[in-house]
Structure formats: C-alpha cells, structure tokens
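Everything below concerns the one structure shown next.
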Amino acid sequence: MPRTRLTLAVALALLATPVLSACGGSSAASDAKVVTVYSADGLKGENGDGWYDKVFADFQKQTGIKVKYVEGGSGEMVQRAVREKSNPQADVLVTLPPFIQEADRKGLLQKYGPKDSGQVGGADKAEDGTWTSVVGNYFGFVYDKKELKRAPRTWDELLDATYKNKLQYSTPGVAGDGTAVLIKAVHDFGGKEAALAYLKKLQANNVGPSASTGKLAPKVDKGELLVANGDVQMNYAQSKSMPNLGIWFPAGKDGKPTTFALPYEAGLVTRAPHSENGKKLLDFMLAQKQQQEVSEIGGGFAARQDVKATDTNAIALTKVMDGVEFFEPDWNDIDKNLTSYVEDWKSATGS
C-alpha cells in the first residue's frame, strides 16, 4: 500500500548522519531522548498536517522523546539500512511490502511485539514477530479530474495517444508503489510474461522512471501528467490540498477493478541505537487514540481490527473502495523473486 519522495527531511537527515554515527551504539546514545525513523513516504503531510506529524508531536509531548525522520522510497530506505548494518542509525523502519519482508530476511529487524499488536490481524504482522502493520492502505492510481472527463477504466486505455508523455509510474524495486504496479499487472494479465509485454507497450506513453511516487500526484494535480500510480492513503490525503486528484483502479481481464492491501509495516531495527525509544514509539503508533486518527487525520485505514472509524474521511474512503475486488499477493514469494522480476521489467521496458 513502496510511497517515495526525497524531501527536505531527507536532506537534513543526511547532513545529520555524521552526528548520528558519532554517537551510534554508545551508552549515552541509548539513553538520549531521540528516536530515528526511516520511512516510506505518504504518512507525513505536505503542510505538517499528516498522521506522522500528529503522532510524532504527541509522542514528544507525552514522552519527551524527539523523532528524527528520514523519508524515501521503501526500497531506498531498506538499502540505506543495509549499508548501515554494521553501525545502525535508524531505530524504527517503516515500509510497504515486500520491502519489510526483505528487511526481515536481511536481518535488519529484531523481534518486538508492540503493545496492542494482538489487535492486528495475522496477515498484517510477521509470524516471527519482527514487524507489524501500523496503517492499512491499498494500491491505486490517480488521474487529473480537471483534464479528463472520467477516470480511465482499463489498462488498455492507457495505451491511447491521449496519454503520450502524460503518464508516469514510479520505479519497481525502488518505490513500494512502483513495485505494486508490477504486482498488479502480473495479477490482472494472468502472468508475468503478459504483464511485461503490456508494460513494454506502455513505455511509448511513459515519461520515464521516478524514484518517488509522492512526487507524481502534484504533477497530476497541475496537469503535467494525466495519470500516475500511487496508493489510496497517500493520494486521499494529498487530495485535500490537490483538488484535481481522482483515485481509480485499473480493471483486470474480466473488466472489474482490482487492488490489494499495501499497508505501512513497521519494525524495530536490529541493534537500534535507541532501542527502548523505538519500542515506545511502536507502542504509541498502535495505541487506540493514534489508530482512531489514522483515517481522521491521515486518510488511511486503522491497522487494529477493534478500531471502527466513522469519521468523514472513513466514510469517503469506503466509497472510494466500493465495487473494487481485492486479491492477496504472496509476499514471501514476491520477496524471494523480486530481484528477477525487476530485472525482467528492466529488460522488457529498456529502463
């Protein structure tokens, strides 16, 4: 449901890296009133009004612990954590699947079951206790409601000359939502070869690669693009300040729109420099109040099964998903074969 822009937060965090490295692993660092989060984009607001903004501010007010935030693509965040494995800088890692599974497989996550994680469904947390969904989400696309009379309905519509240099999707293997394009295409076209044959044709209209899904929605809102990929939570939240965004789901071979769950999944980093603070933040994210605010503030879906949102956003999100069929990818299989899938995509599209 990995979301992926390099923001000012990333630049500032990169500048701060030497300082973090200097204190990483020391007893003083473990006692510091700070926690560092590496996350896929989408939960932090464009104007400081996102779910993360509220959660981090409330967390600091309650605990005195300041959150240092680094944002990028899901794959990008995992790659950074891999590079830092011998001297970890992050305490909490949040990505879309299959990248949290990759992080787990590469030993980047330690076992920790946040308080109230028993309220999270079995499919939304790791069997070995290394990660837990904190915000529910679904894959989707956006279109420009101002320039197009209606949303596209099928994948084939996107091959029309109308979308020449007006269509873009983020890069599979780098962005969680970009990887989701490939996963959905394989499902909707009934196999990898058919999906890659289609994506090869789509290159005629595609602007080109993008490491960031989050950067695409503003381009759609301004009319620079007519269509781009995204996810329901991020795009719904963006639509509050981008009125021309419309969310849609390409139809499968039977003509019915489909999607799949693409939740934000969080884990405690192995040998985290501020491990106890990381645990406190994960507990806080899954607390009743914060989960109730997922739809109300973040435009997403609560990860807890016992939270039944009834706010205006929750009602609107139900309408967005009305009539859409859901399928469940085999994330462990995708994680195992993702490298070959991405290489095959690169070969097919010349990317």
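Here are the numbers:
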read-out	value
GluC sites (Glu not before Pro) restricted to DSSP loop in the stretch 36-101 with at most 11 other C-beta within 10 Å	none
Cα extents of the stretch 281-339 along the three principal axes, largest first (Å)	39, 35, 19
Cα-based Lys pair tally, the stretch 33-121, threshold under 12 Å, eight or more apart or on separate chains	5
Long-range Cα-Cα pairs in the stretch 154-217 (distance over 15 Å), rounded percent	51
Computed [θ] at 222 nm, deg cm²/dmol, the chain (DSSP H ≥ 4; -39,500 (n - 2.57); rounded to nearest 500)	-12000 deg cm²/dmol
Extent along principal axes [Cα atoms of the stretch 64-119; Å; largest to smallest]	31, 29, 21
Cα-based Rg and Dmax for the stretch 112-242, where Dmax is the largest Cα-Cα distance (Å)	16.7, 52
Dipole of the chain [Lys/Arg +1, Asp/Glu -1 at C-beta], most positive-end residue of Val94, Tyr169, Thr318	Tyr169
Loop trypsin sites (Lys or Arg not before Pro), the stretch 219-257 (other Cβ atoms within 10 Å of the site Cβ: 13 or fewer; DSSP)	Lys253
Taking N as its residue count, the alpha carbon Rg of the stretch 193-351 over 2.2 N^0.38 Å	1.22
GluC sites (Glu not before Pro) within the stretch 156-247, DSSP loop, no more than 16 other Cβ atoms inside 10 Å	Glu224
Cβ-placed point charges (K, R +1; D, E -1), dipole of the stretch 43-97 about Cα centre in debye, nearest 20	220
Proxy reagent accessibility, fewest Cβ within 10 Å first, across Phe141, Phe284, Phe249	Phe284, Phe249, Phe141
Rounded to the nearest 20 debye, dipole of the chain from Cβ charges on Lys, Arg, Asp, Glu	660
Alpha-carbon gyration tensor eigenvalues x 5, square-rooted, for the chain, Å	32, 22, 19
Long-range Cα-Cα pairs in the stretch 183-238 (distance over 13 Å), rounded percent	67
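Quick note: the coordinates plus some simple rules give every number you see, no bench work behind them. For clarity, every value in this text was computed on a predicted model and none was experimentally measured. Counting neighbours? That spans all protein chains shown, and the Cβs are built from the backbone with ideal geometry, glycine included.
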